[in-house]
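The values are calculated or read from the model by the stated rules, or taken from the named source; none is laboratory data. Just so it is clear, the model here is predicted, and its values are computed rather than measured. For neighbour counting, all protein chains shown are included, and Cβ atoms are generated from backbone atoms with ideal geometry for every residue, glycine included.
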Amino acid sequence: MDYISNTPKDIEEMLKVIGAGGIDDLFTDIPSSVGLNRDISLPAPLTEIEAGELLTEIAGKNCVLKSFIGAGAYNHYIPAVVDHLASRSEFYTAYTPYQPEVSQGTLTAIFEFQTLICRLTGMDITNASMYDGATSLAEAVFMAVRSNNRNAVVVSDAVHPHYRQVLDAYAGVSGIEVRTLKSKEGVTDIESLEALMDDTVSAVVVQNPNFFGCLEDLGNIADAAHNHKSYLITVVTEPMSLGILKSPGAQGADIVCGEGQSLGNPAGFGGPLLGILAARDSFLRKMPGRLVGKTTDADGKEAYVLTLQTREQHIRRDRATSNICTNQGLCALRSVLYMTLLGNTLRDLADLNHRLASYLKQRLTEKGFTPVFTRPFFNEFVLAFNDAERVRAALRNDCYQLGVPLGDYYPEHKNSLLLCATEMNSPDDIDRLVQAIERAV
């Protein structure tokens, strides 16, 4: 509970300073017609101990949902040290580090963020973070179009639907043609890709793991794109997967974009999010946002500066690569702290995610539920139900948040749910969930 130290004398003095006769004078701009105009029936005052006990009792009536939802925002454990360090005032009040002589701490953190993302994605360069994964995809497409002067892009329908909606909005006002490549059996249909390719296609966009949780054959898709002198843009919404999967760069991707929320940022009602954009070094002068570089100062000491700043505020508008006006600096800092803390154990954590999701799929399959796809997956998979919405509603009463309904985006999967398991879902949690599902059906 908050402690407010204002005594009646303090209040009287403050009102006197501002020339108000009483607290009611502070609300004279509010019309009386919208006021309560009656006394509030409140119980007798409580001591601090009594108030704390009452609030605890009320809070105990809440149903704290156990989440089995992923689909672009993932429930991972964040060590307390991340919150502690990221909450230092010099970090959460930091603004854009235009003056390097007073911004070495922030610049160092961003440089480390770029280094770590490059290592995860297998790319050469990374910018200083984007708004979120969806706008990162749109900027990746713009970067590809600028680089090879082609105005069409082929996008797999297994890319996150929200990302595709944002891309459509950006492309629609920019003269970029978006061609949709259908998926087949849970993955991008490579055989159908050739029919959509021509010399106007700038890039092919796929997500890995894709929206269905399935792993894509990036190598063959990269070959198909490169045969037409197009780029491969790989979207990653669950960077935890890169702890055990071969990096997109090692599989032929030219640009990697997506969401970094899993790396030390909470899934707080859909945000805050952290966009990632990385690429081969040939895109250096085409990349939007800004990049931090390392150099030495006049005394020969290590120093960090904003090396490239390509938004319209810094250069002529017709030369700007985007109008990005900020970046998720604090979220990027949290990801640096998180990845640095985990180090090589990121692989173990990713492996644990996969094993828990596999256990969940195995237990539900044993009970007669049908997996929609048989492809390899990371920590998400699709399961079919007779009445998915009824099952989800029943599970909420048991304090479980069960999956994302695919019918909202794919009518052919009306009664299918996208389920996710992370290290926050123990084997005991999974066993209890399976029992609750059995009761629900």
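Here the helices (runs of 4 or more DSSP H) wholly within the range 1-94 that include at least 1 residues being among the hydroxyl-bearing types (Ser, Thr, Tyr) and not assigned by TED's automatic domain parsing to the domain that holds Gly403 are 48-59, 89-92. Kindly check whether there is at least one residue in the range 44-65 that is on the phi > 0 side of the Ramachandran plot, exposed (fewer than 10 other Cβ atoms within 10 Å of the Cβ) and over 42 Å from the mean Cα position of the chain (by Cα). No, the conditions are met nowhere in the range 44-65.
Restricting attention to the range 143-162, the residues being surrounded by 21 or more Cβ atoms within 10 Å (Cβ to Cβ) and not in a loop (DSSP other than H, G, I, E, B) number 7. If you check Leu215, Leu196 for being surrounded by fewer than 24 Cβ atoms within 10 Å (Cβ to Cβ), within 23 Å of Val404 (Cα to Cα) and not polar (S, T, N, Q), only one passes: Leu215.
Selection of the range 57-113 for residues being closer than 14 Å to Ala128 by Cα, of a type outside the set (A, V, I, L, M) and touching a residue at least 40 places away in the same chain (Cβ under 8 Å) yields Thr96, Pro97, Tyr98, Thr106, Thr108, Phe111, Glu112, Phe113. Scanning the range 396-421 for residues that are under 16 Å from Arg363 (Cβ atoms) and under 19 Å from the mean Cα position of the chain (by Cα) yields Gly403, Leu419, Cys420, Ala421. Within the range 353-373, residues that are part of a helix (DSSP H, G or I) reach partners that are crowded, with 18+ Cβ neighbours inside 10 Å and small (Gly, Ala, Ser) with beta carbons closer than 6 Å, at six or more positions or on different chains, in the pairs Leu356/Ala421; Ala357/Ala421; Leu360/Ala421. Identify the residue in the range 385-401 that is of a type in the set (A, V, I, L, M) and surrounded by fewer than 18 Cβ atoms within 10 Å (Cβ to Cβ) and, among all such residues, is nearest to Ile430 (Cα to Cα). Ranking the qualifying residues of the range 385-401, first place goes to Ala394.
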